[in-house]
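Nothing in this text is a laboratory measurement; each read-out follows from the coordinates by a stated rule. Quick caveat, the model's predicted, so the values are computed rather than measured.
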Amino acid sequence: MNGTAPILYVSHDDDDGAWQMLTNDAADMSQAMIVALVQLIERDRTLIELADMPLGWSASREDANSPWIRRAKSDQRSTEVAAFGRNQTFAMTPENYPVVGRFKNETDVAMTLYLEAVPEEVILEPGDEVELLAQPTDNLLPLDVTPVKDGLQIYANNEWDPDWHVRFRGRVIKAGNQTRLSDHR
C-alpha cells in the first residue's frame, strides 16, 4: 500500500466475495491488510475496469501500462454463493455474464462487430455504444480484435462459438445474424 509497486493481479474470490490485489513482489502474509476499495482506486484508476468482474474470476497484466486480461478460475456453468450460512447454487444467465469488451461507434456510418466465424453480427449506428458479454470459460480471454473494412472482427482466445450477448441501453440482447441495435431503441 506504499504505492511504489503497481497492482498486477486482482482476484474476486468465489468463496467469500473478497477482492485480493497483489503486486509482483513476493506475497508476505505478515504484510497483508484490509484496505478500503476507494483507497486502491485512488491509487490506480484502472481498477474501475474490473468492478463488474464476477465471483471466481481473476485479472492480471504485465505492467501498469498494460491492459487487464480477465480469466475465469474454472469453467463452471453455475456459481456457488454463501447465503445465510448455507450454499445456494444459481444458474449463470446472460445478465450475469462478464463484460469482455466495450465498443462505441464514433464514425459517421454504421459499423459491424463480427463475432467469431459464425454469422453473429452486431450493427452499431453512429453514436451507439455496447458492452460485449460472454459466458465465462477458461479459454475465452484474451479476445482477438481486428479492424476490418466496415467494423471489427472479434475472436475468443481458444473458445469455439461463445454465447455472445450485448448490453445496449441497459438491455441484454442475444447476438444473432445481423442484430441491428436500431431495432432495440
State the extension gain, in nm to one decimal, for the chain segment bounded by E125 and Y9, taking 0.36 nm per residue of separation less the distance between their alpha-carbons. 38.2 nm
Mind checking the full-extension length gain between A64 and H184? Use 0.36 nm per residue of separation minus the Cα-Cα distance, one decimal, nm. 39.4 nm
